[in-house]
1. Taking the options Ser207, Ser189, name whichever one is outside the structural domain of Leu104 (by TED's automatic domain parsing), touching a Pro at 6+ places or on another chain (Cβ under 8 Å) and either among the basic types (Lys, Arg) or at negative phi (or both).
2. So in segment 60-86, with the set limited to residues that are among the aliphatic types (A, V, I, L, M) and not in a helix (DSSP H, G or I), which one is surrounded by the fewest Cβ atoms within 10 Å (Cβ to Cβ)?
3. When you look at Arg49, is it of a type in the set (D, E, K, R) and either assigned to a helix (DSSP H, G or I) or closer than 15 Å to Glu184 by Cβ (or both), yes or no?
4. Can you work out which of the residues in segment 168-220 that are in contact (Cβ under 8 Å) with a residue 60 or more places away in the chain and either loosely packed, with under 14 Cβ neighbours inside 10 Å or basic (Lys, Arg) (or both) is nearest to His138 (Cα to Cα)?
5. Go over the candidates Ser146, Ser116, Ser189, Ser127 one by one and state the one that is more than 29 Å from Asp69 (Cβ to Cβ) and either among the hydroxyl-bearing types (Ser, Thr, Tyr) or modelled with pLDDT under 75 (or both).
6. Going by the structure shown, is Glu57 outside the structural domain of Ile107 (by TED's automatic domain parsing) and either at pLDDT below 85 or in a helix (DSSP H, G or I) (or both)?
Amino acid sequence: MASRPPSLPHAAETLVTPDVAVQVSRLVDTELAEPQRHDALARLFAVYRESLLRMVEFRLHPLVRPRIDPWDVLQESFLDASQRIGHFQAFRGSFLKWLRLIVLQRIHWLHRHHLSARMRDAALDVSLEGDWLADGDHLAECLAGSLTSPSHAVQRNELIHVVNEVLAGLKPIDREVLVLRHFEHLDNSQVAEVLDISPIAASVRYSRALTRLTAAMSRLVPVVQ
């Protein structure tokens with residue numbers, strides 16, 4: 001009888017230290033191919049759970065967030081991964097990248113399910129393709145808030161306008177680097193892993209994008225260090 005996928009574990013966050021990274025590599029290379037691979041998947045999911053939770057919280061559309069618990073999204077994504085784990089060996093990318101793809105697909109489905117009717121009824125301009133963040137307004141608002149002191153809220157609209165102008169001049173991959181570092185709290189090596197670039201390239205892209213942002217914003221308000 002086939003083993004039943006376990007429920008999503010709720011243990012404390014596991015930091016991806018070098019020792020943990022070695023354990024992850026061993027689990028991916030060996031135990032995911034074994035009959036007990038659902039147990040291995042549960043342990044791997046636990047390693048990245050907090051990072052995936054931040055991803056869900058940030059990427060869910062504002063119109064959807066009040067109705068959906070991010071933990072439920074992770075639980076559904078975990079079940080999706082359990083059902084599709086047999087396809088991982090053919091995936092061209094890391095396990096973290098594969099997990100993120102599973103979660104993103106769940107978010108896309110939720111957006112289509114919850115927003116399509118609202119768009120028809122209210123003619124709202126809402127992206128149903130998961131990356132509604134490409135619109136820029138929400139990302140600009142979040143970045144402006146994360147890089148400046150709350151005491152400068154009176155200049156919020158002007159600040160968002162300046163940040164939007166900078167973001168418009170960045171390549172999509174550079175905007176994604178900012179999201180991964182600032183809001184999903186991935187470290188440089190994980191950003192490189194997710195985007196299939198070298199750690200040096202990830203670091204250069206982040207530094208260059210952040211420099212452009214802080215330079216533009218510093219003309220309006222002091223940037224919080």
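1. None of the others qualify; the one that does is Ser189.
2. Leu63
3. Yes: the conditions hold for Arg49.
4. His185
5. Among Ser146, Ser116, Ser189, Ser127, only Ser189 is more than 29 Å from Asp69 (Cβ to Cβ) and either among the hydroxyl-bearing types (Ser, Thr, Tyr) or modelled with pLDDT under 75 (or both).
6. no
So that you can scan it fast, the table gives a plain yes or no per residue for (1) outside the structural domain of Leu44 (by TED's automatic domain parsing); (2) farther than 18 Å from His38 by Cα; (3) not β-branched (Val, Ile, Thr):
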residue: Ile68; (1), (2), (3): no, yes, no
residue: Asp72; (1), (2), (3): no, yes, yes
residue: Ser77; (1), (2), (3): no, no, yes
residue: Asp80; (1), (2), (3): no, no, yes
residue: Gly93; (1), (2), (3): no, yes, yes
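The values are calculated or read from the model by the stated rules, or taken from the named source; none is laboratory data. Predicted model only: the values in this text are computed from it and were never measured. Positions of Cβ are backbone-derived with ideal geometry, glycine not excepted, and every protein chain shown enters the neighbour counts.
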